[in-house]
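Q: Mind looking over this structure? Questions follow.
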Amino acid sequence: MTTGSCCTVHPIAAERLGPVLRSTNTTISPANHGRRTSTRSTPQADLLVVGHISTGDPSTPSAEAMAVSDGRIVGIGSRSDVDGLTGPSTTIVAPDGVVIPGLVEPHMHIWASLLNLDWLDLSHEACPTFDDVVSALRSAVGGAAPGEPLMAKQFDPSLYPGEPVLTRDLLDRISPDRSVVVVNASLHYMYANSTALAAAGVTDTTPDPPGGTFGRVDGRLNGVIGEVPAMMALMAAVPMPTSDQITDGVRRILDAAARRGVTSLREAATGTLGGVGELALLHQINGSRRLPVRVSTAQFSIMGDRTPSEVAAAWRDADVTPFSGDDMVRADAWKVVTDGSNQGRSGYFLQPYLGEESGGKANWTPEGLRDVLEVGLSDGWQVMVHTNGDAAVEFALCAMEDLLPHHPAGDLRHRFEHVSFSTDDQLTRMAAAGISPSFLMNHVYFWGAAFRDTILGPERAQRLDRVASAYAAGMRPSLHSDYTVTEIHPLLSARTAVQRRLQADGTVLNPAECVSPDQALAAITTHAAWQIHADDRGSLGVGQRADFAVVSDDPWASDPDGWPEITVSETYLDGTPAYQG
Ligand SMILES: [Zn+2]
């Protein structure tokens, strides 16, 4: 979890990863692993899956056999329903578990997540109390080679009573001789011990850089480092990743998604750090060995100081056009970010934050926003607009309402991301404009209490993640993780959509917005697939791709309370193994 927003590029990530990514090949070379041609006049299955199959299709919810030919489902139902489709060459598989459609993660970040992949996780999820933070640091220090710096991430003091700080003295007691650097989840602060400060050459007399601070008490460094210009001094002592490490990191992130049953996902800001090279690298990695998860990319509308038109031209020049690529890596959307993070108090609200005079601000002028959206719409992209606060939703919606009549939408399925706070009127207008929401559902679970108690107050907090209202307005909502804001774990998101329980105190935040189990599961399967233009995924039926997961229990037939504990033993893409646990 982070109180920053993964939809925007953090300068530290840009500084550390950008040069490596920009130096990679920029030729887009699709691998076409999945594209096979069949000369058969009648389909004969090359794979027969037998057992407990939960289809995700409410009209035919379960089956006992599924026949697959050339990666597509050619028959599904009882054993006798598919008997005529099999032959001597058919491979029969009887998975040890329940077969469900592969889950779809419609908004996550690969590139922004690579920098700290191997850092110690001090998130509230990993460390529910401040004592847990201290013990996690102690055991990591004890378990590592001397001299190796310990980097830790996602420490979020706002989620602990009294907002405790990791001071230099405390970190020195944990590790007197090994460098320790902890990054705050907001990405605005770092905490360092004496060894780390010395390695970076920062002393009591080092002047603060413009825009940054080395915290001091009575002239002595206290180890609290504020803002990027000062944080960069500490990061300079950390080695840059190599391109092999980046490649390995991409596979690890996708493996972790597969481990949660995901077979398709959307990378929600491609090109933020390395431009076109990021997409080229994904194709290259997939070309060397098929990825474990299909990746749909949203091309980021900002690259350095280029204008939106110049960014669009850069993508076109690389032959990146809507739906270009292959079955594994496909370019599908144009990403625009209108505001920041609500828990970081940089989301854009109609009313001020609790106890403050400001409700945040937009990232664009109205003209600038219309321009960047216009550029994406003109090139035929699905637009994917980050809107966190209710003023951001209004801002983006007004612009889209102005623009869409000039760009007949066809079937582009434009999306608003997070839509964390919205009004009834906004949801009605989004539905009318053909825009659907994707919710970062675990905002409720992890930050619901913080929104209620300290950030927005009890009344506004009720309006967090209004999935039931989105359904009532006639839309097809999806749920996402915004990884690394939260872990990729669709079944945890779905449980939160059903229960809206707060991790902090177990209370329910606005029961009127709870959805049914079927609605929550549709939001991580069929609706999420629809939002990434993958209508042949998200459910198991004739003509669909054989993308499925083998799991320990059937979510469509079990209590949502237990969904997050359901384990995944295997996933398949086009009927061939993609991940094995
Ligand atoms: Zn994002």
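Q: Going through the stretch 451-489 one residue at a time, which ones are free of Cβ contacts under 8 Å to residues at least 12 places away in the same chain and either charged (D, E, K, R) or within 16 Å of the ligand (Cβ to nearest atom) (or both)?
A: Answer for the stretch 451-489, where residues must be free of Cβ contacts under 8 Å to residues at least 12 places away in the same chain and either charged (D, E, K, R) or within 16 Å of the ligand (Cβ to nearest atom) (or both): D453, E459.
Q: Which of (1) at pLDDT 95 or above; (2) under 18 Å from P106 (Cβ atoms); (3) not basic (K, R) is the odd one out, the single condition E487 does not satisfy?
A: With (1) at pLDDT 95 or above; (2) under 18 Å from P106 (Cβ atoms); (3) not basic (K, R) applied to E487, the lone miss is (1).
Q: Then there's this: Quickly run through the stretch 101-149 and pick out the residues that are touching a Gly at 6+ places or on another chain (Cβ under 6 Å) and either part of a helix (DSSP H, G or I) or within 30 Å of P58 (Cα to Cα) (or both).
A: P101, L103, V104, L114
Q: OK, next. Quickly run through the stretch 566-581 and pick out the residues that are within 21 Å of the chain's Cα centre (by Cα) and of a type in the set (V, I, T).
A: Selection gives I566, T567, V568, T571.
Q: Failed condition for R178, given (1) closer than 21 Å to G143 by Cβ; (2) assigned by TED's automatic domain parsing to the domain that holds T484; (3) in contact with a helix residue (DSSP H, G or I) (Cβ under 7 Å, 6 or more places away or on another chain), with all others met?
A: (2)
Rundown of residues vs (1) out of contact with any strand residue (DSSP E or B) (no Cβ under 6 Å at 6 or more places or on another chain); (2) farther than 30 Å from H527 by Cα; (3) away from the ligand (no atom under 16 Å from the Cβ), yes/no style:
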{"site": "L114", "(1), (2), (3)": "yes, no, no"}
{"site": "H124", "(1), (2), (3)": "yes, no, yes"}
{"site": "D131", "(1), (2), (3)": "yes, yes, yes"}
{"site": "A140", "(1), (2), (3)": "no, yes, yes"}
{"site": "G143", "(1), (2), (3)": "yes, yes, yes"}
{"site": "P146", "(1), (2), (3)": "yes, yes, yes"}
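Quick grid of which residues meet (1) buried (at least 20 other Cβ atoms within 10 Å of the Cβ); (2) over 17 Å from T26 (Cα atoms); (3) in contact with a strand residue (DSSP E or B) (Cβ under 6 Å, 6 or more places away or on another chain); (4) of a type in the set (S, T, Y):
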residue	(1), (2), (3), (4)
E278	yes, no, yes, no
L281	yes, no, no, no
R294	yes, yes, yes, no
Q299	yes, no, yes, no
W315	yes, no, yes, no
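Q: Hey, another quick one. Regarding the stretch 496-513, can at least one residue be identified that is modelled with pLDDT of 95 or more, in contact with a His (Cβ under 8 Å, 6 or more places away or on another chain) and within 24 Å of Y160 (Cα to Cα)?
A: No: zero hits.
Q: In addition: When the residues of the stretch 414-432 are filtered to those that are part of a helix (DSSP H, G or I) and either among the hydrophobic types (A, V, I, L, M, F, W, C) or within 16 Å of the ligand (Cβ to nearest atom) (or both), which remaining residue is nearest to Q462 (Cα to Cα)?
A: Top of the filtered list is L427.
Q: Another question, if that's okay. For the structure I just gave you, tell me whether T272 is within 16 Å of the ligand (Cβ to nearest atom), in the same structural domain as H418 (by TED's automatic domain parsing) and not in a strand (DSSP E or B).
A: yes
Q: Return the only residue of D402, D390 being in contact (Cβ under 8 Å) with a residue 24 or more places away in the chain and either within 16 Å of the ligand (Cβ to nearest atom) or closer than 27 Å to A312 by Cβ (or both).
A: Of the residues listed, the single one that is in contact (Cβ under 8 Å) with a residue 24 or more places away in the chain and either within 16 Å of the ligand (Cβ to nearest atom) or closer than 27 Å to A312 by Cβ (or both) is D402.
Q: Given the conditions (1) closer than 21 Å to M400 by Cβ; (2) within 16 Å of the ligand (Cβ to nearest atom); (3) part of a helix (DSSP H, G or I); (4) small (G, A, S), which single one is not true for S493?
A: With (1) closer than 21 Å to M400 by Cβ; (2) within 16 Å of the ligand (Cβ to nearest atom); (3) part of a helix (DSSP H, G or I); (4) small (G, A, S) applied to S493, the lone miss is (1).
Q: Tell me, which residue of the stretch 433-450 that is buried (at least 22 other Cβ atoms within 10 Å of the Cβ) and assigned to a loop (DSSP other than H, G, I, E, B) is farthest from the ligand (Cβ to nearest atom)?
A: Filtering the stretch 433-450 for residues that are buried (at least 22 other Cβ atoms within 10 Å of the Cβ) and assigned to a loop (DSSP other than H, G, I, E, B), the one farthest from the ligand (Cβ to nearest atom) comes out as I435.
The values are calculated or read from the model by the stated rules, or taken from the named source; none is laboratory data. Since the model is a prediction, treat every value here as computed from it, not as a measurement. Cβ coordinates were reconstructed from backbone atoms using ideal geometry, including for glycine residues, and neighbour counts include every protein chain displayed.
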